[in-house]
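Computed from the coordinates by the stated procedures, all read-outs in this text should not be read as laboratory data. All values reported here derive from a predicted model rather than from experimental measurement. Glycine gets a Cβ as well: all are built from the backbone with ideal geometry, and neighbour counts include every protein chain shown.
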Amino acid sequence: MSRAPRPFRSILLLLLSVLLCSVFVDARAEHPVAPSWSPTPVAETIAPRFLAVKQESAAGARYPTMVRDLRSWSTADGTRLVLDLNRKASFSEHHLHNPDRVVIEVQNAVLGKDSRRRVSGGTVPHPYQITQSKPRTVTITLPRSQMTQYKAFALANPDRLVIDVSRMAKEGARQVGEVSTTVPPAPAPAAALPTPPVIPSPTVTEPARPASPKPAPPIRTIVIDPGHGGKDPGTIGRHGTTEKDVTLKVGLMLKDLIGSLPNTRVLMTRDRDTFIELEDRAKFANEKNADLFLSIHVNSHPHKGIRGLEIYHFGEAKDQRALEVAARENGTPLNNTGVGWQYIVADLLTTKKIEHSQELAWTAKQAMVSNLNSRYSTIDHGVKTAPFYVLRFTTMPSILAEIAFMSNPTEEDQMRSQPFLTHIAEAIFDGVKTYLHTNPLR
């Protein structure tokens, strides 16, 4: 085969080089190379928001709810377990099998020192089993049976989780007088006897039985507690008006008003100017098996312009002012007034007492504001909680009414007048009457 001339080969190589260059350029156009400089950091404007959300979520979960203490109370009908919490907590309930059990999980919660001590010491009552199942999950396990039922619910002021286990009534089996399934043999036929003559039976008319009398309605007992007395004058106004005199006058009028209600017995911790210890006041109400306890007091404040009324029921003081009021009425140092309030016995009665005390306080406050506002433009300071001694150690629904401020010159003058004190007594009476209508006692 002859070789191509040299000029022809040169042209052929040149054409081949041009073709390869065009192919390379097209490939570069289809697959561009990223530039060597950094692109504009658009994502950096979004990243801080995402991180902020993550940090906020982490901060919210950083502080778990603490189960400060575990308390229980047993009756013939069942057992109640109370978990004292330092703040509200959410919980879930699950029913598991093999074995049948109920599992209650308190989310984002840890057992406190006292709670751990009770769990490790074996003082948690049967059938409750409490564990720190996860770093931030407290688990309560209850066995399920046909003879028990349970209920879990949360309460506030103070925050608690309550778990009740109650025994269900056992259905009685039919044992006495059961019908036998064995058919007895037929008796032998008796010999025929002559038919006796028919003798008409005499007609006997039984006397009508008297209708059984209806049971008498229960007697309600209400204890009125006029604050202070005797050597303890309470707060004193600039004109010499004493708290002990004002509370006694209101208490005596309130006794007459409540005593007019049917089936109601009214008792007073004091009906004269005498000194009664706080412990004896609470003991008196408990021994009389009272249904309600109404303590009457007069307020005071460093600023003379403060006036109005406020109603208290038992609980932790939510602010410094409430703690100061409780310290003054208790006659205790401020730093000792709130100690031990959380150790109140967690039985069925106590829980019911707290709930009913709160309702009684709100009802009385609403009635007082409504009755007094049209005449005196009363300032409503609301319903508050504080560790007053007489509210803590009475076993029935109880409130403490601070009816006015002795430190306020206008209200001191009003408390020196009989019409104002009468209106105060009537306003409290309206609140008690409303409460009794919606909450029949016993």
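Before moving on, here are some points about what is shown:
- Per-peptide packing, taken as the mean over residues of other Cβ atoms within 10 Å, places 63-73, 218-228 in the sequence 218-228, 63-73 from highest down.
- Estimated inter-spin distance, ARG136 and ARG116, nm [label 7 Å along Cα→Cβ]: 1.8 nm
- 18 Å Cα-Cα threshold exceeded, pairs from LYS255/LYS288; LYS249/LYS283; LYS88/LYS353: LYS249/LYS283; LYS88/LYS353
- Förster radius 30 Å - calculated FRET efficiency between ILE306 and ASP256, Cβ distance, rounded to 0.05: 0.45
- Amide proton proximity set for THR378, modelled H, under 5 Å, gap of 5+: ASN373
- Working ranking of peptides 380-386, 127-133 by packing, defined as the average number of other Cβ atoms within 10 Å per residue, highest first, is 380-386, 127-133.
- Order by protection proxy (mean Cβ within 10 Å, highest first), peptides 85-98, 283-296: 283-296, 85-98
- Estimated distance in nm for a label pair at ASP273 and SER74, the labels positioned 7 Å out from Cα along Cα-to-Cβ: 5.4 nm
- Calculated FRET efficiency, GLN107 to THR410, Cβ-Cβ distance, R0 = 45 Å: about 0.30 to the nearest 0.05.
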